[in-house]
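Down below is the structure, laid out as structure tokens.
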Amino acid sequence: MLGAVMAVTIISTALSPELPASYQMDVRLDTSEHKIHASERIVFLNPTEDSLNQVCFHLYPNAFRDTSSVLARLDAQAGEYILSGDKAELTVSNITIDGAGLDPGAVTESGTLLYLAIPSPLAPRDTVVISLDFELTIPRKALRFGYNGRGNYILSHWHPILCGYQDGRLVDNEYYPLSEFFSNLSNYDVSLEIPPDFSVGSTGELTLTNKDSSRAVWRAVADTVIDFAFACGPAFQVFQLDTLGIKFRYMLNGENEKFLQTVDNATKYSLAYCSERLFKYPYPTFTLVDSDIGAQGMELPGMNIISFPGGRLKSAADPILWFIIAHEVAHEWFYGAIASNEAEEPWLDEGLSTYMAARIIEMQHDSLQSITILGYTIPINTLDRLFAIMGKAEWPLNLKSWEYPDDFAYSAAVYFRASSVLQTLEQMVGRAAFDSALGGYANKYRFGHPTTAGFQSSMETGLGIDLDSFFAQFIAGTARVDYAIRNLEYKSIAKGDMVSDRGYKITVTVGREFEGILPQKIEIGLNDGAVIDTIWDGAARTAIFEFDANSRPDYARIGYGEGPYALDENLANNSIYLKSFGSRLLTFEWDAVFALELLLTLLL
Ligand SMILES: [Zn+2]
């Protein structure tokens, strides 16, 4: 038991000088009844500037308790789970605060939230010790936790966890179908009692402390994490590797053992890539668990759950695994250690993770950059742009997760448009400047719970430019982007007496088709091989540019840097090529992507 009372006033750790909470849990898994019996003891430090009269817990599993939950009412699939008898239930008992029991009136349960009145106001930076017992009924796979037919368990968002504070405000949102998770960074010291033949992986560092024929007891210790998750079961093949100063643990189902090398390569590459650009991965362990959880992947602190591609996607398993793992590993920073609010500002986490994954994929061998399905080869990194375009910017990026009407609207905005917006910003300012500013954001908010405003000001500082208009148009707003070369003409002009002594006046008409305004580079390729260009602020609906040149033009194109912006929706109008006598020829020089877009629109 972990019952010994510690006199703790400040919760300081190796990673953080001060954390709002420290959890000790004593957990026993009962596999015959699929239940967890546990006690939890929390030292909670008031992280706000105000006195607190209450503390609040998330009891996430209760979203699956009955069909009256907000989640079950909004998500037909969750409702069906519950009706078919796959219920979860988290019940809390024997609550004490600083050793004293609470009056019944001091405990209020509302949906998935539990509020406890504190007997006397808790001053800023003061601590209380909250103790409670809890029992969790584990369902068969329910969204992100449960057990499966192999007898393996995934426990995430499963114990009573304190609602977090952001800028002094209590974040006590319900569990909605599209909302993910936010808590403050905390410490965990957990004793896990499981069957002796089970392997286990968790957030933090695990050590076996006791084992006999009936049970194994593991201790997990985690420093500065937003939650504690674990997976265990009799059916995992476990592979452990010590490298990069990190203990990697891969828990695979037997049939996926053949992907071990891919999993290892993708995990290590992604961790090293993010460590270099953001900050060094702060934890001593990383665990990857193979489980079908109804999503491709799920980020947990120091731990990812990965659903291996099956069916038609099996033949493309390697690139798909890379894509999923790169995304989930990037979450370890944005959701995990930077810990922005995934429920209220999902774009700040999902968008940055999707963007980062695209950067990681771009660095890989060609064979990992595209997937071939039904005979069609699709470059993975065109998918963000494609889904963003399909979403038609109907919803801004910065809504709360539950404000999006459905799954598609949510993912088109917070994953794909967000990634395209970040790519566009990168194109606008240049990769080196973008990377340096993003690294500045990451380091400023390491363990910092930033908001969108913090991201904007951090990027503005790093880039040395004002981003009000950019954020108003593309983060808070729904501006779409399409720029076009409307016309390209030239006149031959005599410059002297000789027939060969001629110059050319070139006229380019450019246009802005949508409301989104971005600076553009207009480039003219001349017949003698020279290239001339000019920068346009992109504000007018139509603009005409004239150039004097010594050679006639072959083409004109509009974009920025290496090509059109990721947000530019129609790439077929970004260039005009001329045949020898001025007749117009459209080409798709910049857009192998364009043909692909047509193809995918047909496929999806
Ligand atoms: Zn994600």
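The values are calculated or read from the model by the stated rules, or taken from the named source; none is laboratory data. What you are looking at is a predicted structure, and each value in this text was computed from that prediction instead of being measured. All Cβ positions, glycine included, derive from the backbone under ideal geometry; neighbour counts span all protein chains shown.
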Residues of the stretch 384-398 that turn out to be more than 16 Å from the ligand (Cβ to nearest atom) and either assigned to a helix (DSSP H, G or I) or without any contact (Cβ under 8 Å) to a residue 24 or more places away in the chain (or both), as a count: 4
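For the condition polar (S, T, N, Q) and closer than 16 Å to Pro234 by Cβ, what is the one hit in Asn187, Asn148?
Working: Asn187 fails: closer than 16 Å to Pro234 by Cβ.
It is Asn148.
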Verdict on Tyr410 being within 16 Å of the ligand (Cβ to nearest atom), in a helix (DSSP H, G or I) and out of contact with any Leu (no Cβ under 8 Å at 6 or more places or on another chain): no
Got a sec? Which of Tyr483, Tyr445 is hydroxyl-bearing (Ser, Thr, Tyr) and either without any contact (Cβ under 8 Å) to a residue 60 or more places away in the chain or under 19 Å from Ser575 (Cα atoms) (or both)? Tyr483
When you check Leu348 against the structure, is it within 16 Å of the ligand (Cβ to nearest atom), surrounded by 24 or more Cβ atoms within 10 Å (Cβ to Cβ) and in a helix (DSSP H, G or I), yes or no? yes
Being under 19 Å from Ser370 (Cβ atoms) and more than 14 Å from the ligand (Cβ to nearest atom) is the requirement here; does Leu288 meet it? no
I'm trying to understand the selection: among the residues of the stretch 303-326, which are within 14 Å of the ligand (Cβ to nearest atom) and under 22 Å from Arg359 (Cβ atoms)? Asn304, Ile306, Phe323, Ile324, Ile325, Ala326
Residue ID - nearest to Phe334 (Cα to Cα), chosen from residues in the stretch 365-382 that are free of Cβ contacts under 8 Å to residues at least 60 places away in the same chain and surrounded by 14 or more Cβ atoms within 10 Å (Cβ to Cβ): Asn381
Is one or more of the residues making up the stretch 107-121 among the small types (Gly, Ala, Ser), surrounded by fewer than 18 Cβ atoms within 10 Å (Cβ to Cβ) and either closer than 22 Å to Leu19 by Cβ or free of Cβ contacts under 8 Å to residues at least 60 places away in the same chain (or both)? yes
Against the conditions (1) crowded, with 17+ Cβ neighbours inside 10 Å; (2) in a strand (DSSP E or B), where does Ile532 fall short? Just the number, please. (1)
Out of the residues in the stretch 59-104 that are small (Gly, Ala, Ser) and in a loop (DSSP other than H, G, I, E, B), which is modelled with the lowest pLDDT? Gly85
Between residues in the stretch 345-362 that are within 19 Å of Lys268 (Cα to Cα) and residues that are modelled with pLDDT under 95 and within 12 Å of the ligand (Cβ to nearest atom), which pairs lie under 7 Å by C-beta distance while being six or more apart or on different chains? Ala357/Phe323; Ile361/Phe323
Of all residues in the stretch 327-345 being of a type outside the set (Val, Ile, Thr) and assigned to a loop (DSSP other than H, G, I, E, B), the one that is nearest to the ligand (Cβ to nearest atom): Glu342
Across (1) at pLDDT below 90; (2) of a type outside the set (Val, Ile, Thr); (3) surrounded by 15 or more Cβ atoms within 10 Å (Cβ to Cβ); (4) under 26 Å from Tyr415 (Cα atoms), Leu604 clears everything bar (3)
